[in-house]
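A short write-up of the structure that comes next.
Read-outs throughout are calculated quantities, based only on the coordinates presented, and are distinct from any laboratory measurement. These numbers were taken from a predicted model, which means no experiment stands behind them. Please note: Cβ atoms are built from the backbone with ideal geometry, for glycine as well, and neighbour counts cover all protein chains shown.
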Amino acid sequence: MVKSMSKPSLEKVYQWLEEVKDPEIPVLSLVDLGVITNVTISDKVRIEMTPTFVGCPAIDYMKNDIIETLNKHGQEAEVDINFKKSWSSDLISEKGKIALKKFGLAPPPDSKLFTDLEILENAECPRCSKTNTELRNPFGPTLCRAIFYCNDCKEAFEQFKPV
Amino acid sequence: MNNEALKELLYKMADDQLILGHRNSEWTGFGPLLEEDIAFSSMAQDKVGHSLALYTILQELGEQDPDTVAFTRNAEQFHNSLLTELPNGEYDFSLIRHFLYDTAEALRFEMLTQSSFEPLAQLSAKIRGELRYHTMHANTWIKQLGSATTESITRLQKSLEYALPYALGMFEKSPFENALISEGIFAGEQVLEDKWKRKVEEVLAQTQLQLPAWDTITPHLGGRVGKHTEHLQPLLDEMSEVLRIDPTAEW
């Protein structure tokens with residue numbers, strides 16, 4: 001049990017949540033990833049979150065990480081994982097997209113444009129920023145990534161999938 | 001809301017996802033090419049994840065926890081369709097099954113986004129987006145290999161004819177069909193089957209594969225009421241092996 005300090009502001013809680021990163025992409029906070037769907041503060045901090053992919057194996061890890069981080073700031077926290085608000089790659093913030101690119105992952109294009117595999121054909125290479133690329137596999141090393149090849153860099157890269 | 005009807009629907013969907021998820025995972029390390037190895041492994045992870053989410057809803061309705069439900073039931077307590085439990089066979093069969101099953105699965109979740117049972121409608125809205133990758137994957141390969149060489153076409157044709165009676169078994173009617181429909185939980189197997197046939201026809205028409213007339217195919221039923229082929233129990237034995245050796249193991 002953590003002894004609660006004074007009631008924090010919503011802004012403060014989001015600031016703390018910025019410290020919690022995606023375990024697979026340590027440059028991207030859960031806030032920028034868009035998986036935090038609601039925060040309420042009463043006797044404790046209640047956080048609602050939703051997974052990027054239903055089968056994401058990192059979800060429990062993220063949940064525990066949130067609780068630990070808030071405990072560290074003297075707050076008791078509870079995390080509810082639900083699907084009330086469905087995650088989409090469009091929920092990744094602009095700051096998050098820049099972080100993804102720096103990390104070497106192509107950010108996802110607008111998911112509303114995604115109606116056929118053809119749309120996915122030319123991702124922007126995170127190295128050279130050009131689109132002389134091809135989709136090698138819509139499935140990648142994690143559920144949220146696809147594998148591309150850059151014809152200019154002559155190297156493979158991964159894209160955070162639009163969904 | 002009719003809880004018995006709802007549970008029956010959730011169990012058959014969750015069991016389908018778990019069993020085919022397990023079959024897909026058997027391709028890990030054995031895919032005909034690396035990309036397909038990764039694709040089937042990813043789809044396995046998705047499907048097993050979907051089953052967990054569905055078993056979690058069942059737990060909220062009073063059923064046992066997901067691990068107990070997934071790992072301790074015997075074959076006759078499973079409600080998956082026979083199609084999902086058949087061994088992987090060669091890649092042509094796995095691909096045909098993937099196409100026939102995932103087409104139905106995507107349509108089922110699409111329909112369920114309209115469900116009057118809110119937790120299922122919310123989950124379905126999420127799963128629907130993920131399944132676009134699965135159906136696109138299936139359609140891409142069926143279109144390519146269904147029009148490629150004599151060998152690829154002959155193999156797929158043979159697998160298609162073998163799989164179709166099992167595929168029609170996916171739409172085996174529930175004893176709660178009327179309750180599900182009248183309560184707006186699910187529009188029913190018949191509606192799904194009709195939508196599925198149109199979609200299968202549409203994709204196969206873009207290949208050199210021949211779809212037999214629907215009325216010449218006799219569905220293989222029984223999966224939904226626990227009457228399975230000899231292939232399910234060995235799969236369950238393998239899936240639950242660690243748990244049976246050491247129920248307290250962390251893995």
Cα-projected label distance for B:K158 with A:E76, points at 7 Å along beta-carbon direction, nm: 6.6
Beta bridge orientation in the protein assembly as shown: antiparallel %, DSSP, nearest 5: 70
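So what is the relative contact order of chain A, in percent, for Cα pairs below 8 Å that sit 6 or more residues apart? Could the numbers behind the result be given before it?
On the way: 293 pairs, mean separation 30.6, N = 163.
Taking the mean separation of contacting Cα pairs over the length of chain A, I get 19 percent.
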Estimated [θ] at 222 nm from DSSP helical runs (n ≥ 4, -39500 (n - 2.57)) normalised by residues in chain A, nearest 500: -6000 deg cm²/dmol
Sequence-distant residues sharing a close amide H with A:N137 (under 5 Å, placed H): A:I147
Within chain B, helix-based [θ] at 222 nm, where runs of 4 or more DSSP H residues each add -39,500 (n - 2.57), nearest 500: -21500 deg cm²/dmol
Two-decimal log10 I(q)/I(0) for chain B, as the Debye equation yields it once each C-alpha is a single scatterer, q = 0.08, 0.10, 0.13 Å⁻¹: -0.29, -0.46, -0.80
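Starting from the Kirkwood radius over alpha-carbon pairs of the stretch A:10-81, derive D by Stokes-Einstein at 25 °C in a medium of 0.890 mPa s and give it in µm² s⁻¹. Walk me through the numbers on the way to the answer.
On the way: Rh = 12.0 Å.
Translational D for this selection: 204 µm²/s.
Could you work out the local net charge near B:E4, counting Lys and Arg as +1, Asp and Glu as -1, over the other residues with Cβ closer than 12 Å to its Cβ?
Details: positive: B:K7; negative: B:E8, B:E63, B:E183.
Local charge sum for B:E4: -2.
Give the calculated FRET efficiency between B:E26 and A:K44 to the nearest 0.05, with a Förster radius of 41 Å applied to their Cβ-Cβ distance. Write down the numbers at each step before the final one.
On the way: r = 44 Å, r/R0 = 1.08.
That pair, B:E26 with A:K44, gives E of 0.40.
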Listed residues B:N139, B:H228, B:M170: farthest to the positive end of the dipole of chain B (Cβ charges): B:N139
Whole-Hz couplings from phi, Karplus 6.51/-1.76/1.60, listed for the stretch B:140-154; x for Gly and Pro: 4, 6, 5, 5, 5, 6, x, 9, 8, 10, 4, 5, 5, 5, 4
log₁₀ of I(q)/I(0) at q = 0.11, 0.14, 0.16, 0.17 Å⁻¹ - chain A, Debye sum with one point per alpha carbon: -0.49, -0.72, -0.88, -0.96
Placed amide H near A:I92: partners under 5 Å, 5+ positions off or other chain: none
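Can you compute the charge dipole magnitude of the stretch B:53-158 about its Cα centre, using +1 on each Lys and Arg Cβ and -1 on each Asp and Glu Cβ, nothing else charged? Give it in debye, rounded to the nearest 20. Write out the running numbers ahead of the final one.
Details: 9 positive and 14 negative charges, 101 e Å.
Dipole of the stretch B:53-158, to the nearest 20 debye: 480 debye.
Which value, in debye to the nearest 20, describes the size of the charge dipole of chain B about its Cα centre when Lys and Arg Cβ atoms bear +1, Asp and Glu Cβ atoms bear -1, and nothing else is charged?
On the way: 21 positive and 39 negative charges, 142 e Å.
Dipole about the Cα centre, nearest 20: 680 debye.
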Residues B:W214, A:W16, A:W87, sorted so that the one with the fewest Cβ neighbours within 10 Å comes first: B:W214, A:W16, A:W87
Percent antiparallel among DSSP beta bridges (both partners in the stretch A:104-160, rounded to 5): 85
Residue order, fewest to most beta carbons within 10 Å, for B:L33, B:L236: B:L33, B:L236
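Dividing the alpha-carbon radius of gyration of the protein assembly as shown by 2.2 N^0.38 Å (N being the number of residues), what value is obtained? Don't skip to the answer; put the middle values down first.
Numbers: Rg = 22.4 Å, N = 414, 2.2 N^0.38 = 21.7 Å.
Dividing the Cα radius of gyration by 2.2 N^0.38 Å gives 1.03.
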Label point distance in nm, B:N88-B:L33, each placed 7 Å from Cα along Cα→Cβ: 1.7
Among the listed pairs A:K12/A:K72; A:K154/B:K143; A:K112/B:K199; A:K101/A:K130; A:K102/B:K47, those beyond 24 Å (Cα-Cα): A:K154/B:K143; A:K102/B:K47
Distance between the stretch B:30-66 and the stretch A:132-153 - C-alpha centres, whole angstrom: 23
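Quote the relative contact order of the stretch A:10-81 in percent (integer), defining contacts as alpha-carbon pairs under 8 Å separated by 6+ residues. All intermediate terms of the calculation are to be shown ahead of the outcome.
Values: 94 pairs, mean separation 22.6, N = 72.
Relative contact order for the stretch A:10-81 comes out at 31 percent.
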Placed amide H near A:A106: partners under 5 Å, 5+ positions off or other chain: A:E158, A:Q159, A:F160
Sorted by Cβ neighbour density within 10 Å, fewest at the top, the residues B:S174, B:S124, A:S6: A:S6, B:S174, B:S124
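Quick one: dipole size for chain A, taken about the Cα centre, charges +1 on Lys/Arg Cβ and -1 on Asp/Glu Cβ, in debye to the nearest 20.
Numbers: 21 positive and 25 negative charges, 60 e Å.
The dipole magnitude comes to about 280 debye.
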B:L243 versus B:A205: modelled label distance in nm, points set 7 Å from Cα along the beta carbon direction: 4.5
